[in-house]
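Peer 1: The structure that follows is given in the form of structure tokens.
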Amino acid sequence: MSNGVYQAGGVKGYPTGTVLTNRVAIWKAITVRSVENDPTNTIIKGAGPNGPAAVRCVYMTNGSALIGFTLTNGATWTGSTADETYGGGAHCQSTNTVISNCILTVNSSGWAGGGAYRGTLFN
């Protein structure tokens, strides 16, 4: 992805059946990498506070990777399913996803994993 702040738009239905908006949804086993692997120049910004207007930063499916981003201000719902209340910064389908060289800051969740839920994190 190009350098910049990604803070508009989003997609629902990831994980399947949910209505919480994800700013970015990686639903295939691919690697998404910032241009220079520099998290200070490529930012994915969700929207809080936790509740019906919340926006999670990123959803990641099995086998995917996210490299070189800042994930900030992500939030989730407060009283729905685990898929909608876990992982304000990143919601990973399993530990078979990788988040590397990223900064996770000022994220929250309605239940667990404010910064990240599941996933394997490096650096």
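The values are calculated or read from the model by the stated rules, or taken from the named source; none is laboratory data. Note that this is a predicted model, so its numbers are computed, not measured. All Cβ positions, even for glycine, are placed from backbone atoms using ideal geometry, and neighbour counts span all protein chains on display. Heads up: the accessible areas ignore ligands, DNA and RNA and are worked out on the full protein's heavy atoms, side chains in. Shrake-Rupley method; radii C 1.70, N 1.55, O 1.52, S 1.80 Å.
Peer 1: Does VAL24 count as open to solvent by 20 Å² or more (accessible area, probe 1.4 Å) and part of a strand (DSSP E or B)?
Peer 2: yes
Peer 1: Would you check which residues across the stretch 77-102 are buried (at least 24 other Cβ atoms within 10 Å of the Cβ) and among the small types (Gly, Ala, Ser) and list them?
Peer 2: GLY87, GLY88, GLY89, ALA90
Peer 1: Please count how many residues of the stretch 64-123 are modelled with pLDDT under 95 and within 19 Å of ARG33 (Cβ to Cβ).
Peer 2: Residues that pass the stated criteria total 1.
Peer 1: So which residues in the stretch 46-76 are under 14 Å from SER100 (Cβ atoms), hydrophobic (A, V, I, L, M, F, W, C) and crowded, with 21+ Cβ neighbours inside 10 Å?
Peer 2: Passing the criteria: VAL58, MET60, LEU66, PHE69, LEU71.
Peer 1: Just one of TYR14, TYR6 is out of contact with any Pro (no Cβ under 7 Å at 6 or more places or on another chain), surrounded by 17 or more Cβ atoms within 10 Å (Cβ to Cβ), at pLDDT 95 or above and of a type in the set (Phe, Trp, Tyr); which is it?
Peer 2: Unique residue meeting the criteria: TYR6.
Peer 1: Here's another thing I want to ask about it. Would it be correct to say that GLY74 is closer than 16 Å to GLY10 by Cα, of a type in the set (Gly, Ala, Ser) and not in a strand (DSSP E or B)?
Peer 2: yes
Peer 1: Please go through the stretch 27-48 and give me each residue that is of a type in the set (Gly, Ala, Ser) and assigned to a strand (DSSP E or B), ordered by number.
Peer 2: ALA47
Peer 1: Can you name the residue in the stretch 27-45 that is polar (S, T, N, Q) and over 16 Å from GLN7 (Cα atoms) and is also surrounded by the most Cβ atoms within 10 Å (Cβ to Cβ) among such residues?
Peer 2: Filtering the stretch 27-45 for residues that are polar (S, T, N, Q) and over 16 Å from GLN7 (Cα atoms), the one surrounded by the most Cβ atoms within 10 Å (Cβ to Cβ) comes out as ASN37.
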